[in-house]
1. Look through B:Gly46, B:Gly62 and report the one residue that is at pLDDT below 95 and small (Gly, Ala, Ser).
2. Would you say B:Gly16 is within 14 Å of chain A (Cβ to nearest Cβ) and part of a loop (DSSP other than H, G, I, E, B)?
3. In segment B:74-112, what count of residues is obtained for those that are assigned to a loop (DSSP other than H, G, I, E, B) and more than 10 Å from chain A (Cβ to nearest Cβ)?
4. Anything in segment B:92-108 that is crowded, with 21+ Cβ neighbours inside 10 Å and more than 8 Å from B:Gln6 (Cβ to Cβ)? List them, or say none.
5. Would a scan of segment A:55-73 turn up a residue that is within 21 Å of B:Leu101 (Cβ to Cβ), in contact (Cβ under 8 Å) with a residue 60 or more places away in the chain and surrounded by 12 or more Cβ atoms within 10 Å (Cβ to Cβ)?
6. If only one of B:Ser11, B:Ser39 is buried (at least 16 other Cβ atoms within 10 Å of the Cβ), in a strand (DSSP E or B) and away from chain A (no Cβ under 14 Å), which one is it?
7. Output the number of residues of segment A:77-118 satisfying the condition of being among the small types (Gly, Ala, Ser), at pLDDT 95 or above and not in a strand (DSSP E or B).
Amino acid sequence: EVQLLESGGGLVHPEGSLRLSCVASGFSFSTYTMTWVRQAPGKGLEWVSSISGWGYNTYYADSVKGRFTISRDNSKNTLFLHMNSLTAEDTAFYYCTKRGDTYGLFDSWGQGTLVTVSS
Amino acid sequence: DIVMTQTPLSSAVTLGQPASISCRSSQSLVHSDGNTYLSWLHQRPGQPPRLLIYKLSNRLSGVPDRFSGSGAGTDFTLRISRVEAEDVGVYYCMQATQFPLTFGGGTKVEIK
């Protein structure tokens, strides 16, 4: 059974930094593109960033480009999202999701971790 | 960026009756490989999203066959043939044809 477990969320001051982690199990982690999607409380879904299986290709939403860095450690089956220069607009639940064998096939999702940016 | 527009914003449906949600993209979602990477997701309150449909009309394994996706180019529809109580929540369309991936604003489905 595929499992994705996010951690690292919490309360952070504006301009602060945070690192989110997503530990994966139940599948061959290095084979799959992984993605972060976020959702501000009471709002819709927003794609944040994606990374290919071996990490060679990364993609970012304009809203986080230059501030967030996606990475992965395939030896530890772990996906990361390093977030810098956080603002109130980054307050959201952050979901880790596994992309299947084709574009848009987000077949597994974690439960999410809440990031709150506030002074 | 491709803008995804869903209608209606909300829908109250009678149990056992059909329901449909529309999604329109600001440009064609036909990829250079000929496929249309339009997905539908469902989110219940307090839960992460769950994928229902991918690549326009393919149901994810385990998704009931009362859910179906259709459409072409820029206009897409999710249909629920007979709504059940567990179908309440918010439905999102999403395009994965090009980066940045973009979602529709969501359609809230509730039982009348």
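The values are calculated or read from the model by the stated rules, or taken from the named source; none is laboratory data. All values derive from a computational prediction rather than experimental measurement. Positions of Cβ are backbone-derived with ideal geometry, glycine not excepted, and every protein chain shown enters the neighbour counts.
1. After applying the criteria, what remains is B:Gly46.
2. no
3. 7
4. B:Met94, B:Gln95, B:Ala96, B:Thr97, B:Leu101, B:Thr102, B:Phe103, listed by residue number.
5. no
6. Testing whether each residue is buried (at least 16 other Cβ atoms within 10 Å of the Cβ), in a strand (DSSP E or B) and away from chain A (no Cβ under 14 Å) leaves just B:Ser11.
7. 5
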